[in-house]
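Everything below concerns the one structure shown next.
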Amino acid sequence: MTEPLHIAMMHNPEYLAAAFVVRRLRAEGHQAFFAGGCVRDLLLGVEAKDFDVATSARPDEVTELFAKTFNVGAHFGVVLVCERVKDHEVPGGEDVEVKTEVATFRSDGAYSDGRRPDAVRFSSDPKEDVLRRDFTINGMLLDPLKWEQTGNLDESVLDFVGGRDDLRAGIVRAIGDPVLRFTEDKLRMLRAVRFAARLEFAIEPATMRAMQALASTVNQVSCERIREELTRILTEGHARRGFELLDESGLLREVLPEVVRMHGVEQPPEYHPEGNVWVHTMLLLEKLPAGCSPTLAWGALLHDVGKPATYTPPSGPGDRIRFNGHVEVGVRVAEEILRRLRFSGDDAAQIVVLVHNHMRFGDVLHMKQSTLKRFLRLPKFDEHLQLHWMDASSAHGDLRLWEFAKKHYEDHTPEQVKPKLLVTGRELIAAGYEPGRFFKEMLAAAEDAQLEGAVQTTGEAMEFIRKNFGPPQWRAGDCCSRD
């Protein structure tokens with residue numbers, strides 16, 4: 001970033017909206033600061049995206065001050081404030097509506113369900129509010145007005161918990177007693193892993209010990225929240241580090257025991273010189289870029305999930321380790337995981353298709369044109385290519401199959417891999433064929449011929465069907481009775 005960060009923020013609509021909220025609250029005599037992750041990111045020199053405001057104003061006072069608000073958690077002191085600001089990224093600087101989360105300073109009561117406080121007490125003390133938050137690096141407050149005036153970010157930060165020191169040291173540390181913090185909200189254990197992985201930080205030893213002691217309680221958190229946190233660990237960068245921390249903390253055996261079973265499952269060294277299934281899978285996760293597709297990330301994690309159950313040692317000299325049927329078993333295991341974590345139907349379908357097809361690249365050099373084209377037209381085939389590249393480069397390193405498939409995928413247009421059919425059921429019926437159990441077989445054969453380039457017109461395709469399935473009058477009986 002060539003210009004100072006506080007100047008660059010003047011072009012960020014989310015920042016401008018949140019700063020306006022702070023000004024308005026301050027003008028009415030309330031304390032107001034930026035809070036949480038945006039402060040952490042700014043101190044790291046990153047242009048933050050989401051700006052939350054913490055204030056001494058009560059929720060009803062917030063709603064009275066702003067024209068458009070939504071009470072998204074009034075019981076917990078949270079109000080969404082909607083303001084229109086200029087978006088400098090849009091030609092002409094058109095106005096856009098930005099929602100800013102505004103939360104009243106508070107202290108929390110007991111967390112009897114391990115997810116949310118039973119009651120909160122509003123406060124006028126920002127330090128009291130910070131002390132109930134999760135991690136020191138997320139517990140800092142920022143006075144944006146002072147920052148704008150002085151340009152000195154460090155002096156504009158209120159830090160009651162040593163967050164700046166931990167940020168400089170690269171440490172994720174719970175605020176106060178880590179056992180208490182994690183007992184309050186079990187999801188914080190997964191969040192600790194996510195922050196440590198994404199930022200390439202270490203988890204402070206006492207914080208890690210508390211996670212290990214409480215890992216067995218993480219399933220008090222809803223499946224949906226666990227799924228979202230795991231997905232973020234997979235897609236925000238440094239996924240391998242994230243899953244190694246999940247494993248070290250004991251959280252992985254609670255949320256994905258199927259993945260833990262990959263440990264120690266040896267593979268044939270001639271195909272997998274890198275080591276066992278766990279090592280291989282971690283190498284794939286290491287190659288996932290920040291911002292990658294969630295379905296690709298989950299496909300990478302689960303592509304070999306069927307291997308532990310199908311491991312077969314060598315039967316004797318000259319034989320090798322085998323995983324017969326590991327794809328089919330992997331599909332079933334993946335489906336169970338995706339159901340348990342309540343994935344959407346579309347995402348689950350794509351992840352399962354990735355698992356189901358990841359071994360098909362081994363046949364691409366010998367596929368008929370029709371088979372290859374059907375393979376290339378799988379939805380989101382680019383994810384299949386990416387998964388195979390990661391799979392091969394994390395094992396033997398031979399990328400010839402990937403290069404072959406990639407070239408054909410790029411050289412073929414959508415119309416070539418999935419052309420308009422020359423023959424449909426309508427043409428078969430018009431030619432005198434009776435609808436029945438042979439229709440599917442006839443149509444598939446005609447499409448194969450079309451994909452192979454053996455037929456170019458509907459007339460040629462119909463002649464192909466007559467030659468291979470007989471004339472229409474034979475359809476009344478069983479074609480298998482022909483000599």
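Brief remarks on what is shown
- Three-way shape call for the stretch 277-334 based on the alpha-carbon gyration tensor, with the a/c threshold at 1.5: oblate
- Counted by Cβ distance under 10 Å from residue 268, the other residues give a net charge of -1, where Lys and Arg count +1 and Asp and Glu count -1.
- Placing a pseudo-label 7 Å from each Cα along the Cα-to-Cβ vector at residue 398 and residue 339 gives an inter-label distance of 3.8 nm.
- Three semi-axes of the equivalent ellipsoid, the stretch 285-440, Cα gyration tensor, whole Å, largest first: 32, 20, 20
- 17 Å Cα-Cα reach of residue 373 towards lysines, excluding residues that sit fewer than 8 places from it in its own chain: 406, 407, 418, 420
- Length added when fully stretched, residue 94-residue 430, from 0.36 nm per residue minus Cα-Cα: 115.1 nm
- Loop-located trypsin sites (Lys or Arg not before Pro) in the stretch 194-279 (DSSP state other than H, G, I, E, B) with a sparse environment of at most 12 neighbouring Cβ atoms within 10 Å are absent.
- Accessible solvent surface per residue of the chain, calculated while the other protein chains remain in place, 1.4 angstrom probe, Å²: 47
- Annotation: average projected area of the stretch 1-85 is 5.7 square nanometres, based on the convex hull of Cα atoms across all directions.
- Look at the Cα gyration tensor of the chain: its axes a ≥ b ≥ c give a/c of at least 1.5 with a/b over b/c, and that counts as prolate.
- For the pair residue 200 and residue 320 in one chain, pulling the backbone fully straight at 0.36 nm per residue adds 39.3 nm over the alpha carbon distance.
- When the solvent-accessible area of the stretch 182-234 is split by element, carbon and sulfur atoms take up 49 percent of it, the probe being 1.4 Å.
- Estimated FRET transfer efficiency when R0 is 60 angstrom, pair residue 5-residue 444 (beta carbons, to 0.05): 0.50
- For residue 359 and residue 412, the FRET efficiency from 1/(1 + (r/R0)^6), where r spans their Cβ atoms and R0 equals 35 Å, is about 0.95.
- For residue 106, the amide hydrogen comes within under 5 Å of the amide hydrogens of 123, 129, counting only partners 5 or more places away or on other chains and with H modelled in the peptide plane.
- Debye log10 I(q)/I(0) at q = 0.20 Å⁻¹ for the stretch 288-368, Cα point scatterers: -0.92
- Percent accessible area from carbon and sulfur atoms, the stretch 235-283, protein chains only, probe 1.4 Å: 48
- Projecting label points 7 angstrom from Cα along Cα→Cβ for residue 219 and residue 122 puts them 4.0 nm apart.
- Extension reserve of the residue 74-residue 454 stretch, reckoned as 0.36 nm per residue once the Cα distance is removed: 130.0 nm
The values are calculated or read from the model by the stated rules, or taken from the named source; none is laboratory data. Keep in mind the model is a prediction, meaning the values are calculated, not measured. Cβ atoms come from the backbone with ideal geometry, glycine included; neighbour counts cover every protein chain shown. Only protein heavy atoms, including side chains, enter the accessible area calculation; ligands, DNA and RNA are left aside. Shrake-Rupley method; radii C 1.70, N 1.55, O 1.52, S 1.80 Å.
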